[in-house]
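Engineer: The structure under discussion is supplied below as structure tokens; questions concerning it will follow.
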Amino acid sequence: MPQHSENQNIALIVAAGRGHRFSASAGNTLHETASSLPKQYQLLKGAPVLQHALKAFENHKLISHIQVVIHPDDLDMYAVASLGITKCLPAIYGGAERQASVFEGLKALQNLNPQNILVHDAARPHLSEDLISRILAALETSPSVIPVLPLSDTVKLFHDDQTSETLPRDRLKRVQTPQGFYYATLLEAHEKAITMENTFTDDASLVEHFGTEVVSVEGDEKNIKLTVGSDLMETLEYRTGSGFDAHRFTNGDHVMLCGVNIPHDQTLEGHSDADVALHALTDALMGALAAGDIGEHFPMSDATNKERNSEDFLKYAANLVTKQRAHIINIDLTIICENPKIGPFRQKMIQRLAAILEIQENRISVKATTTEKMGFTGRSEGIAAQAVTSIAFPARF
């Protein structure tokens, strides 16, 4: 048996489909004429559907790589969807049917020879860390694992003569992806299936056909498969948070604002790097989340926060947003000072904030104002900043 590399768990995302049943609403796409775009490239919460699945695997510490199988026509759209995803291997082209696409993906991973493979549909964007973990845990003892959910509706089987019978609902389950397998087991099953005329609706049914036992774990109701355009619609509630911070000047040669180093004849005094703008924005995000303030999460009494990069604070707050399945709608940040002049650095600040928060630049406003020589900022004793942000949450009625 070949030795496995350190790449124990690899995600294989099938994104080569055309989604003929899917019809998106106008204006919810990457391009104005994109109503005909495959569903994996339609926009959901401001990002391509595929990108949500990619990020779920990217952020899971037990997934080493991601292999995506795409349609040859989608290379440019895939480049946008995968931007910033570091675990992605070079995309490969799929086949005419899903089964052929999975096989192409499996063959592309032969040199890496992972222990486990998680096959996931690109059209399931609401993938959670917990679900991935449950599947990986079950793979420690079973060669094939699928996430399932109970049925809530009565199910009937209709015969050719239109007579029917009611099936036992308690024994029937809805099957989701990702489906987990020993890589060698799934590859062997696909190799055997090449000569068969029939195709299989999923990979679990394929390995079952060749005698592999399939076990189940609890699925996730949120992990729906987008089938029609209305599936992109989600009931949301919106919350607003505000933040304010101020730091005095001390001896130095620069200030940090929005993660940008700005030359100046003084610097800002603080326990961390004193980026007053990032501190105000961090508090705004935490305010919208009702999650306290920056001092509660990063107290000055903790020596590890001494001279810490304030980007860490903002990333932490952004991660809290993600954990609640929420997303940032917009940011309005105002920097209050006489000097340094903010205008020449404003665009760079916006770009840096967009990179930290992984949102579009057109959702970020950075402004500067003075207090007309009044108060501590007017006397050039320091800099203040205030931030307002709106966050959209899945409605919890």
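The values are calculated or read from the model by the stated rules, or taken from the named source; none is laboratory data. Because the structure is a prediction, the values reported are computed rather than measured. Cβ placement follows ideal geometry from the backbone for every residue including glycine, while neighbour counts extend to all protein chains displayed.
Engineer: Restricting to segment 248-292, count the residues that are farther than 22 Å from Arg352 by Cα, assigned to a loop (DSSP other than H, G, I, E, B), among the charged types (D, E, K, R) and touching a helix residue (DSSP H, G or I) at 6+ places or on another chain (Cβ under 8 Å).
Structural biologist: 0
Engineer: Filter segment 293-311 down to the residues that are in a loop (DSSP other than H, G, I, E, B) and of a type in the set (D, E, K, R), then identify the one that is modelled with the highest pLDDT.
Structural biologist: Only one residue tops the list, namely Asp293.
Engineer: Something else now. If I ask for residues that are more than 20 Å from Gln176 (Cβ to Cβ) and either in contact (Cβ under 8 Å) with a residue 40 or more places away in the chain or not assigned by TED's automatic domain parsing to the domain that holds Val14 (or both), which ones from segment 194-214 would you list?
Structural biologist: Across segment 194-214, the qualifying residue is only Ile194.
Engineer: Among the strands (runs of 3 or more DSSP E) confined wholly to segment 103-218, which include 2 or more residues that are in contact with an Asp or Glu (Cβ under 8 Å, 6 or more places away or on another chain) and surrounded by fewer than 19 Cβ atoms within 10 Å (Cβ to Cβ)?
Structural biologist: Working: elements: 116-121, 144-150, 156-158, 164-166, 173-175, 179-182, 215-218.
Fully inside segment 103-218 and qualifying: 144-150, 156-158.
Engineer: Would you point out which residue out of Leu320, Leu314, Leu353 is in the same structural domain as Gly241 (by TED's automatic domain parsing), more than 24 Å from Asn261 (Cα to Cα), in a helix (DSSP H, G or I) and of a type outside the set (Asp, Glu)?
Structural biologist: Only one candidate passes the filter, namely Leu320.
Engineer: Could you give me the residue pairs with C-beta distances under 9 Å whose first residue belongs to segment 287-304 and is within 14 Å of Ser242 (Cβ to Cβ), whose second residue is assigned to a loop (DSSP other than H, G, I, E, B) wherever it lies, and which are 6+ apart or on separate chains?
Structural biologist: Gly287/Asp293; Ala288/Ala326; Leu289/Gln324; Leu289/Ala326
Engineer: Please enumerate the residues belonging to segment 359-376 that are within 20 Å of Gly243 (Cα to Cα) and either in contact (Cβ under 8 Å) with a residue 60 or more places away in the chain or not assigned by TED's automatic domain parsing to the domain that holds Ile262 (or both).
Structural biologist: Ile359, Arg363, Val366, Phe376
Engineer: Now a separate question. Among the residues of segment 252-271, write down those that are over 19 Å from Ser365 (Cα atoms) and either out of contact with any His (no Cβ under 8 Å at 6 or more places or on another chain) or β-branched (Val, Ile, Thr) (or both). Break it down stepwise before answering.
Structural biologist: As a first pass, look at segment 252-271 and keep what is over 19 Å from Ser365 (Cα atoms): 252-255, 263-271.
Residues satisfying the conditions are Val255, Asp265, Gln266, Thr267, His271.
Engineer: With the structure loaded, tell me whether Ser310 is within 14 Å of Ser272 (Cβ to Cβ) and either in contact (Cβ under 8 Å) with a residue 40 or more places away in the chain or among the charged types (D, E, K, R) (or both) or whether it fails that test.
Structural biologist: Numbers: within 14 Å of Ser272 (Cβ to Cβ): yes; either in contact (Cβ under 8 Å) with a residue 40 or more places away in the chain or among the charged types (D, E, K, R) (or both): yes.
In short, yes.
Engineer: Out of Leu320, Leu333, which single residue is among the aliphatic types (A, V, I, L, M) and farther than 20 Å from Ala246 by Cα?
Structural biologist: Leu320
Engineer: I need the full set of residues from segment 359-397 which are among the basic types (Lys, Arg) and either over 38 Å from the mean Cα position of the chain (by Cα) or exposed (fewer than 15 other Cβ atoms within 10 Å of the Cβ) (or both), in order please. Explain how you work it out, then say what you get.
Structural biologist: Of the residues in segment 359-397, the ones among the basic types (Lys, Arg) are 363, 367, 373, 379, 396.
Within segment 359-397, Lys367, Lys373, Arg379, Arg396 meet the criteria.
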